[in-house]
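Engineer: Starting off with a structure, shown below.
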Amino acid sequence: MRSRYCAYVLDDVKYLSETWHPDFRPRELTIDPDVRYIGLTIIASDQQDRQATIEFEARLLANGQVQAMHEKSGFTLEQGRWLYTSGDMLRPSFKAWKPGRNEGCPCGSGKKFKRCCS
Ligand SMILES: [Zn+2]
C-alpha cells in the first residue's frame, strides 16, 4: 500500500498498473498532473489469509486547495504479490481548505506556500 502511494507521488503509472488486480484495473490509467500528494496516514489495516484491507487518508493538493482522500482499499495476494482490487471512499476528516500564499506550505517543506506547491 505504501509503495502504491509512493508510485502516485512519483507518477509511476507502470508500477501502479502492475500492482492493480487485472480484473479491477481501469483500461486507461493516468495520474492527474495537477494533483500533488503531500501526506499519508495509515488508519487501520487488517489481513486474513490472502485478503487484506488498508484504511488510509492521503492529503493532496489540487487546484490550490488541500484535500483529503480517505479510502479503505482491498488487496488480494496472488503469486506472492499483493494486488489492489478496489476501494471504498470514506468521508474525509477535514474539508478542503486553501492555504494563504504566505503561510507555511502544507507539504511540510518549510517554505512559504507561494514559493512551493501553489
Ligand atoms: Zn510544498
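Each reported figure results from applying straightforward, stated rules to the coordinates on display, with no laboratory input. Note that the structure is a prediction, hence the values are computed from the model and not measured. Ideal geometry is used to build each Cβ from the backbone, glycine not excepted, and the neighbour counts take in all protein chains shown.
Engineer: Starting from 0.36 nm per residue, how many nanometres of slack lie between GLU78 and ASP46 once their C-alpha separation is accounted for? Walk me through the numbers before you get to the answer.
Structural biologist: Numbers: separation 32, 0.36 × 32 = 11.52 nm, distance 1.69 nm.
Result for the pair: 9.8 nm of gain on full extension.
Engineer: Report the trypsin sites (Lys or Arg not before Pro) located in the range 56-118 that are in a DSSP loop and have at most 10 other Cβ atoms inside 10 Å of their Cβ, or state none.
Structural biologist: On the way: sites: ARG59, LYS72, ARG81, LYS95, ARG101, LYS111, LYS112, LYS114, ARG115; in loops: LYS95, ARG101, LYS111.
Passing both the DSSP loop test and the Cβ count: LYS95.
Engineer: Counting pairs of alpha carbon atoms under 8 Å apart in space and at least six apart in sequence, what relative contact order in percent does the chain give?
Structural biologist: Working: 206 pairs, mean separation 21.3, N = 118.
Here the relative contact order equals 18 percent.
Engineer: On to the next question. Straight distance only, please: which aspartates and glutamates reach the Cα of LYS72 with their own Cα at less than 12 Å, same-chain residues fewer than 8 apart left out?
Structural biologist: ASP46, GLU55, GLU57, ASP88
Engineer: Please list, by residue number, everything in the range 70-113 whose backbone N is under 14 Å from a paramagnetic label point 7 Å out along Cα→Cβ of HIS21.
Structural biologist: Within reach of a label on HIS21, which here means backbone N under 14 Å from a point 7 Å along Cα→Cβ, the range 70-113 contributes 73-88.
Engineer: Sticking to Cα atoms, compute the Rg of the range 2-115 to one decimal and its Dmax as the biggest Cα-Cα distance, whole number, in Å.
Structural biologist: Answer for the range 2-115, Rg first and Dmax second: 15.6, 50 Å.
Engineer: Just want the answer: with Cβ charges of +1 for Lys and Arg and -1 for Asp and Glu, which residue in GLY104, LEU29, SER86 is farthest toward the dipole's positive end in the range 2-115?
Structural biologist: GLY104
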